[in-house]
Amino acid sequence: MNKAKSPLRTLTLLRHAKSSWKDPALTDIERPLNKRGRRDARAMAHRIVEHGATLTTIFASPARRSRETLTRILLTLPAQDTSITVDQAFYTFECDALVNAIRSFDDNLQDVMIIGHNPALEEAITWMTGTTLSCFPTTACAQLTLTLSSWKKLQPGCADLMWLLTPEKSLTV
């Protein structure tokens, strides 16, 4: 008997760009990008597009630094229909919370980007792929492929790391 193969899903995880600590009165969620962060976000946006990411659905943390990173990504994307959701669920530093947010995705979504925070992103990549990253700095981006019939079935080792981009280098697997 032929079993139908589960659909291939793409998950792109982007850590927000470098934020400013210039104003100590700002809360964590209010911190903007600094000059380097603005530069790196624009440069990474071009590199993400060059690596073939389609980015049809983007979920972002409501933190100002994440929203500013999102803006720079959107300015670089070719004209396309992209669904954007800014959601408190992605303002997390905990892997378990991030995994639970991913498990709640609508199963019609095939290609998703998350703009969020460490250590949640780095730990989630390790959890999903079994690949321990030596570093996932600000503006780093990783693309994973998953063969899952449902996002609810997300589990350890369910993904393959396709590429990892940092502001300094690229790793294609």
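Determine if segment 158-173 includes at least one residue that is over 14 Å from residue 44 (Cα atoms), assigned to a loop (DSSP other than H, G, I, E, B), in contact with a Leu (Cβ under 6 Å, 6 or more places away or on another chain) and at pLDDT below 90. Within segment 158-173, one or more residues are over 14 Å from residue 44 (Cα atoms), assigned to a loop (DSSP other than H, G, I, E, B), in contact with a Leu (Cβ under 6 Å, 6 or more places away or on another chain) and at pLDDT below 90. For segment 77-110, enumerate the residues that are surrounded by fewer than 17 Cβ atoms within 10 Å (Cβ to Cβ) and outside any loop (DSSP other than H, G, I, E, B). Scanning segment 77-110 gives 83, 84, 85, 86, 88, 96, 97, 100, 103. Checking each residue of segment 3-14 against the condition of being farther than 23 Å from residue 150 by Cα, among the aliphatic types (A, V, I, L, M) and in a loop (DSSP other than H, G, I, E, B) gives no match. Of all residues in segment 115-157, those being over 12 Å from the mean Cα position of the chain (by Cα) and in a strand (DSSP E or B) number 3.
Being of a type in the set (A, V, I, L, M), modelled with pLDDT of 95 or more and closer than 28 Å to residue 160 by Cα: is that true of residue 17 here? Judged against the criteria, residue 17 is a match. Taking (1) crowded, with 19+ Cβ neighbours inside 10 Å; (2) touching a strand residue (DSSP E or B) at 6+ places or on another chain (Cβ under 6 Å) in turn, residue 116 satisfies each apart from (2). Figure legend. Inter-residue proximity from segment 23-37: first residues within 10 Å of residue 65 (Cβ to Cβ), second residues surrounded by 14 or more Cβ atoms within 10 Å (Cβ to Cβ) and among the acidic types (Asp, Glu), beta-carbon distance below 8 Å, spacing 6+ or different chains. Indicated pairs: 32/68; 33/68; 37/68. Within segment 123-144, can one find any residue that is among the aromatic types (Phe, Trp, Tyr), out of contact with any helix residue (DSSP H, G or I) (no Cβ under 7 Å at 6 or more places or on another chain) and surrounded by 17 or more Cβ atoms within 10 Å (Cβ to Cβ)? So far as segment 123-144 goes, no, none of its residues is among the aromatic types (Phe, Trp, Tyr), out of contact with any helix residue (DSSP H, G or I) (no Cβ under 7 Å at 6 or more places or on another chain) and surrounded by 17 or more Cβ atoms within 10 Å (Cβ to Cβ). Scanning segment 15-47 for residues that are surrounded by fewer than 21 Cβ atoms within 10 Å (Cβ to Cβ), part of a helix (DSSP H, G or I) and not basic (Lys, Arg) gives 28, 29, 30, 43, 46. Of everything listed in (1) over 15 Å from the mean Cα position of the chain (by Cα); (2) without any contact (Cβ under 8 Å) to a residue 40 or more places away in the chain; (3) farther than 20 Å from residue 41 by Cβ, the single unmet condition for residue 76 is (3).
For segment 48-76, a residue qualifies if it is at pLDDT 95 or above and either assigned to a loop (DSSP other than H, G, I, E, B) or hydrophobic (A, V, I, L, M, F, W, C) (or both), and the qualifying residues are 58, 59, 60, 61, 62, 63, 70.
The values are calculated or read from the model by the stated rules, or taken from the named source; none is laboratory data. Computed from a prediction, not measured in an experiment: that's the story for all the values here. For neighbour counting, all protein chains shown are included, and Cβ atoms are generated from backbone atoms with ideal geometry for every residue, glycine included.
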